[in-house]
Amino acid sequence: MTPHAHEWQRVYGHAVPRAEVDVDQALDAVRPICEDVRARGADAVLDAGERFDGVRPAQLRVPADVLTAALADLDPEIRAALEISIARLRVTCEAELEHSVTTTVADGAVVERRIVPMQRVGLYVPGGLAPLVSTVVMNAVPAQVAGVSGIALTSPPSRDHWDGAGWPHPSILAACALLGVDEVYAAGGAQALAMLAYGAGDCAPVNLITGPGNIYVAAAKRYLQGTVAIDSEAGPTEIAVIADASADADLVASDLVSQAEHDPMAASVLITDSEDLADRVDQALLGQVERAAHVERIRTALAGRQSGTVLVRDLDQAVQVANAYAAEHLEIQTEDSAGVASRIVNAGAVFVGSFSPVSLGDYAAGSNHVLPTAGCACHSSGLSVRAFCKNMQVITYSEAALREVGPHVVTLAEAENLPSHGAAVSIRLAR
């Protein structure tokens, strides 16, 4: 690794380390919090919020008039941008919504795969370093398109707004109101997830929890999984960029900086076969980091072991590295971006060409920005309308259809030494 003036690092071949995130250790911290919520309900959630967020709202559920006021006070330009984001995401969600399928296996033998929406889901929207208003959209829209009847959203209480009342950030509440999500809670962290999983106060238990968060949110998801379904254990955000000599160094650098802005543990990785481009990106980063609003946060992320440049011999190896790394966000900025993108099999989302930055996907591409991190893109998918649906099989056989296949059922049951299984069929065939 060769250190540079801004502490950017270069590695060769396939070595792309990630930030050290110990969810198992965080489990020790969240376990008592979750158990306290299970035992004491709303009081435990409020106590934890006061301890960790420094504010205690009068109640967990945000009053309807507060939601209305948040939307009324929302900047018109932000509202217009949110409406565009909602509309574009709704289009893609409606297109991907699966439909029930009925198959006639034989005469009188029908199997239906019925698509059933979750009855009740919990959506988590972080506060933390930034109020992620876009995450309200990314979680709520697919749930609504899926047909979920009960949606509860929770976000940490804020000390800096609402004259100290402790409601979540106004923009988050405004987005909820805009989407018609009226069951909103002022709770964050592990206590919020436990509230959703076990129920507390006005919040009834949910079937599924979705949404990103910090390491303690990830640990709480791991602890509560089984009591409730989860989307994923989201870790620090990450971007990888495959770029060749034709790429614009300023554009590449701006995209690396954009994700480093999220979190000091964010990963920004350039994969290139051009050392000249790597040098130009290094220079562009120096200036862009200094001009950024969150300089220290970005510097820390770029200097971390999880960030750097991977120099490869050619684009074939670049594809191998990208597929091995399985980035949350992968950009392709090469002469044949579409061709390279077609060879990617492991990524949360792929952004093709110079005019498809990750920031577009964060807000208004029509894609979802809740994506697998930490290499999980090799086996997991981003959040979609499918996450809020179940497949349920419905089997309908006539007497004649059962008589046709029944002897085979009996044979297989006896082969497995489960004779009562076979008897449940034979008793019908004997009539």
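The values are calculated or read from the model by the stated rules, or taken from the named source; none is laboratory data. Note that the coordinates shown come from a computational prediction; the quantities given were computed from them, not determined experimentally. Note that we place each Cβ from the backbone using ideal geometry, even for glycine, and neighbour counts take in every protein chain shown. We work out accessible area using only protein heavy atoms, side chains counted, and drop any ligands, DNA or RNA first. Shrake-Rupley method; radii C 1.70, N 1.55, O 1.52, S 1.80 Å.
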Determine how many Å³ per residue the convex hull of the Cα atoms of the chain encloses. 191 Å³
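Using the Cβ atoms and a cut-off under 12 Å, what net charge is assigned to the surroundings of Val217, where Lys and Arg are +1 and Asp and Glu are -1?
0
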Quick one: which of 203-214, 52-63, 288-299 comes out on top by average Cβ neighbours within 10 Å, and what's the full order, highest first? 203-214, 52-63, 288-299
By accessible area with a 1.4 Å probe, ligands and nucleic acids excluded, highest first: order of Tyr325, Tyr223: Tyr223, Tyr325
Only Lys, Arg (+1) and Asp, Glu (-1) charged, at Cβ; the range 202-331 dipole about Cα centre in debye: 620 debye
C-alpha long axis of helix 170-179 to longest principal axis of the chain, angle in °: 40 degrees
Output wanted: per-residue J couplings in Hz (rounded whole) for the range 99-111, from phi through Karplus 6.51 cos²θ - 1.76 cosθ + 1.60, θ = phi - 60°, x for Gly and Pro. 10, 4, 10, 10, 10, 8, 6, 7, 4, x, 10, 10, 10
Could you compute Rg(Cα) / (2.2 N^0.38 Å) for the range 101-172, with N its residue count? 1.76
Phi-based couplings in Hz for the range 369-374 (Karplus 6.51, -1.76, 1.60; Gly and Pro marked x): 9, 8, 10, x, 10, 6
Heavy-atom accessible area of Trp162 with all protein chains present, probe 1.4 Å, nearest 10 Å²? 60 Å²
Suppose we keep just the DSSP beta bridges with both residues in the chain; what percent of those would be antiparallel, to 5? 30 percent
Sort 312-320, 234-242 for me by packing, meaning the mean count of neighbouring Cβ atoms within 10 Å per residue, highest on top. 234-242, 312-320
Helix 76-96 versus the longest principal axis of the chain: what angle, 0 to 90°, nearest 10, using Cα atoms? 40 degrees
Helix-only mean residue ellipticity at 222 nm, the chain, DSSP H runs n ≥ 4 weighted -39,500 (n - 2.57), per residue, nearest 500. What is it? -14000 deg cm²/dmol
Out of the total accessible area of the range 98-156 (probe 1.4 Å, heavy atoms of protein only), what percent is carbon and sulfur? 54 percent
I'd like the per residue volume of the convex hull spanned by the Cα atoms of the range 284-431, given in cubic angstrom. 240 Å³
Tell me, what is the per residue accessible area of the range 281-362 in Å², probe radius 1.4 Å? 41 Å²
With a 1.4 angstrom probe the carbon and sulfur portion of accessible area for the range 392-431, in percent, totals 60 percent
Tilt, helix 419-429 to longest principal axis of the chain (alpha-carbon atoms), in degrees rounded to tens, equals 50 degrees
What does the charge count near Asn391 come to, summing +1 for each Lys or Arg and -1 for each Asp or Glu among other residues with Cβ under 9 Å from its Cβ? +2
